[in-house]
Amino acid sequence: TVRHGFPYQPSALAFDPVQKILAIGTQTGALRLFGRPGVECYCQHDSGAAVIQLQFLINEGALVSALADDTLHLWNLRQKRPAILHSLKFNRERITFCHLPFQSKWLYVGTERGNIHIVNVESFTLSGYVIMWNKAIELSSKAHPGPIVHISDNPMDEGKLLIGYESGTVVLWDLKSKKAEYRYTHDEAIHSVAWHHEGKQFICSHSDGTLTIWNVKSPTKPFQTITPHGKQLKDGKKPEPCKPILKVEYKTARAGEPFIILSGGLSYDTVGRRPCLTVMHGKSTAVLEMDYSIVDFLTLCETPYPNDFQEPYAVVVLLEKDLVLIDLAQNGYPIFENPYPLTIHESPVTCCEYFADCPVDLIPALYSVGARQKRQGYSKKEWPISGGNWGLVTQSYPEIIITGHADGSIKFWDASAITLQVLYKLKTAKVFEKSRNKDDRPNTDIVDEDPYAIQIISWCPESRTLCIAGVSAHVIIYRFSKQEVTTEVIPMLEVRLLYEINDIETPDGEQVPPVPTPGTGSNPQSIVSQSHPSTSSSSSDGLRDNVPCLKVKNSPLKQSPGYQIELVIQLVWVSGEPPQQITSLAVNSAYGLVVFGNCNGIAMVDYLQKTVLLNLGTIELYGSNDPYRREPRSPRKARQPSGGLCDINEGTVVPEDRCKSPTSGSGSPNNSDDEQKMNNFIEKVKTKSRKFSKMVTNDIGR
């Protein structure tokens, strides 16, 4: 089983800078590993508890996961199927933070009570060495310092441990002498701490939006206090407090100023502003807006050694619904183009189709037109997460997955290999006029949001004909072309499919549930064929009539190579009633036919001739043995049945208008010869219609 798409509810992030593998944990206990494009792996913790932290054993093919149920797990990644080697359960204390120094066998585990336990990674057992909170803080202080929010070793001395408590206290602990060497106190709560690589300074992020930089040997007060997003007030007053800075990283470069990278910290007056990542480099400050909330971020550096110049080159940002990599080496900090198939739910998936054993030339054809859709502005460098190796590909035939989305887009995916690769993207909504304000919204009662959402996809891989049905009772037929065209007038058909309800009685006078019988309101014409969008019209009683739910553009449409519009079909309002959503759809490119239906009936369209061939009501599809068939007691004479060619049941009155060819005139016969000719024509049409319906039914069945 292969899982595609973005990890659901991500909660933790880790990166191995040597093997260049990324790990993401989720709130449901899932673990996703990413290497070079095409290298992915999915694992699951049996408990299903949320992953709160991940730590790689760098370059050792192993990973430690800390879960919300206070368990630690050691994963072996060296085997084909990653598996848990050891587990450790904390029964009396809750895990809040873990730290595993580079090339160390000791894992430091901080708890909610403020204590630190040390685990031997090789045996995955507790060592017995415990740093108690009351020993770490001042003896004169009786207040509890809060949970552990940070643990790290001094880059220059692994025997010195920096411990951050939530209340604002930071302690430098000497592991050999088992006592605190320095204590640093601050009024504001701490969210994260980061070292300068020389081990002489560290930086803390606080809940009031400030950063404090401390000299290790000067514990009395911070060396510097910075409010990255605070408004500088006159008269030397403190800047106004900002939102908490949730995480900060401090990375140095040999040839230039250090980077300070942080999430959060915006001022409180920026209401409605999107989540931001801030990059401070020398005197410049760049604020990078994100589409979703930031879960975590990591700075990717050239070296895994903490005591050397870090040389940061990228930042990986884990968002609530996306993964973003930022290039720190280029001006403007462009993002890398993401090669993983994580954008499946960029817009929610509303339908999905799978096609196997496709023609061999189909995937290259889709890829060639899709390659021209590449967005500009990405980093020119290669994707930096490049670890792992591809396994043996067992592909035996081309496979394609097509997804339809809420915004009206359609994506074609190459599913032949284990990974998904997006081949081509089609935007169906561009054929319609966009509503600019609330009063100008699409006039539909069918759907409040996402009027362009895709409901059904019908595709013929051999002819490459594509047909979609949307939520606003619209159908669009596309043809595939490698040439760019400009369509001056978008071809369009409007179809009436609505049935009135009459009162019905059984022969013995008993009232029965109403059965739909065909009727078309004030307009007996069944199809309005036009090459331009219709304008709103009303029937004689003031009800909306003959109006589609969406308005087709009346300006020339430039269509890029790929799928181009052949025909737009829309069901229209009838006597104040909106059209019902389309529930079934099929396309037959050999005959040039598309057929679709809803709860009111079914229509067949010749999309090459842009003509409706059949327009049948639901009641007309019932067989003569239908137990629920009822004859109407007194049909309204003012109402005329819907037009179109159809097969009429024996014994029913056949109005002349019912059996006219859609392309014939609207005049009625005026003498007996004309009447006889019309009757003969009707009989021929009925016979041909039966044969035609049977042929199409058999063909669709095959």
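The values are calculated or read from the model by the stated rules, or taken from the named source; none is laboratory data. It should be emphasised that the depicted structure is a prediction, and the values quoted were computed from it without experimental measurement. Cβ sites come from the backbone with ideal geometry, for glycine too, and all protein chains shown count toward neighbours. When the accessible area is computed, the model is the full protein with side chains, heavy atoms only, and any ligands, DNA or RNA have been set aside. Shrake-Rupley method; radii C 1.70, N 1.55, O 1.52, S 1.80 Å.
Observations on the model:
- When E337, E353 are checked against the criterion of being in a loop (DSSP other than H, G, I, E, B) and surrounded by fewer than 17 Cβ atoms within 10 Å (Cβ to Cβ), a single residue qualifies: E337.
- Among (1) in contact with a Pro (Cβ under 8 Å, 6 or more places away or on another chain); (2) at pLDDT 95 or above - the single one V572 does not satisfy: (2)
- In the set (1) open to solvent by 40 Å² or more (accessible area, probe 1.4 Å); (2) in contact (Cβ under 8 Å) with a residue 40 or more places away in the chain, the condition left unmet by F56 is number (1).
- Condition met for G370 (in contact (Cβ under 8 Å) with a residue 24 or more places away in the chain, small (G, A, S) and in a helix (DSSP H, G or I)): yes
- Counted residues, segment 63-84 - those being open to solvent by 40 Å² or more (accessible area, probe 1.4 Å) and in a strand (DSSP E or B): 1
- The set of residues in segment 375-395 that are modelled with pLDDT of 80 or more, among the small types (G, A, S) and at negative phi comprises S379, S386, G387.
- Residue among S127, S87, S104 that is assigned to a loop (DSSP other than H, G, I, E, B), open to solvent by 20 Å² or more (accessible area, probe 1.4 Å), among the small types (G, A, S) and free of Cβ contacts under 8 Å to residues at least 60 places away in the same chain: S104
- In segment 558-577, the residues that are assigned to a loop (DSSP other than H, G, I, E, B) and buried (at least 20 other Cβ atoms within 10 Å of the Cβ): W573, S575
- Residue within segment 101-108 that is of a type in the set (F, W, Y) and over 30 Å from L85 (Cα atoms) present: no
- Taking the criterion of being in contact (Cβ under 8 Å) with a residue 12 or more places away in the chain and part of a loop (DSSP other than H, G, I, E, B), the residues of segment 90-101 that qualify are F90, N91, E93, R94, L100, P101.
This table checks each residue for (1) among the hydroxyl-bearing types (S, T, Y); (2) on the phi > 0 side of the Ramachandran plot.
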residue: G114; (1), (2): no, yes
residue: S123; (1), (2): yes, no
residue: L126; (1), (2): no, no
residue: A194; (1), (2): no, no
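- Odd one out for E346 among (1) over 12 Å from K411 (Cα atoms); (2) out of contact with any Pro (no Cβ under 9 Å at 6 or more places or on another chain); (3) open to solvent by 30 Å² or more (accessible area, probe 1.4 Å); (4) not aromatic (F, W, Y): (1)
- 1 or more residues farther than 22 Å from C204 by Cβ: qualifying strands (runs of 3 or more DSSP E) within segment 249-332: 284-289, 294-301, 312-319, 323-327
- Checking P239, P228, P222 one by one, the residue that is of a type outside the set (S, T, Y), more than 40 Å from the chain's Cα centre (by Cα), surrounded by 18 or more Cβ atoms within 10 Å (Cβ to Cβ) and not in a strand (DSSP E or B) is P222 and no other.
- Hits in segment 194-212 - residues which are assigned to a strand (DSSP E or B) and open to solvent by 10 Å² or more (accessible area, probe 1.4 Å): A194, W195, Q201
- Cβ-Cβ under 8 Å pairs, at least 6 apart or on other chains, segment 546-572 side at positive phi, far side open to solvent by less than 30 Å² (accessible area, probe 1.4 Å) and acidic (D, E): N546/E494
- L22 within 18 Å of Q79 (Cα to Cα) and touching a residue at least 60 places away in the same chain (Cβ under 8 Å): yes
- Selection count where residues are within 15 Å of V547 (Cβ to Cβ) and either of a type in the set (D, E, K, R) or modelled with pLDDT of 95 or more (or both), scope segment 575-598: 1
- If you go through segment 5-48 and pick out every residue that is part of a loop (DSSP other than H, G, I, E, B) and either among the hydroxyl-bearing types (S, T, Y) or open to solvent by 20 Å² or more (accessible area, probe 1.4 Å) (or both), you end up with 16.
- Screening V315, V369 for residues that are modelled with pLDDT under 95, more than 21 Å from the chain's Cα centre (by Cα) and open to solvent by less than 10 Å² (accessible area, probe 1.4 Å) leaves exactly one candidate, V369.
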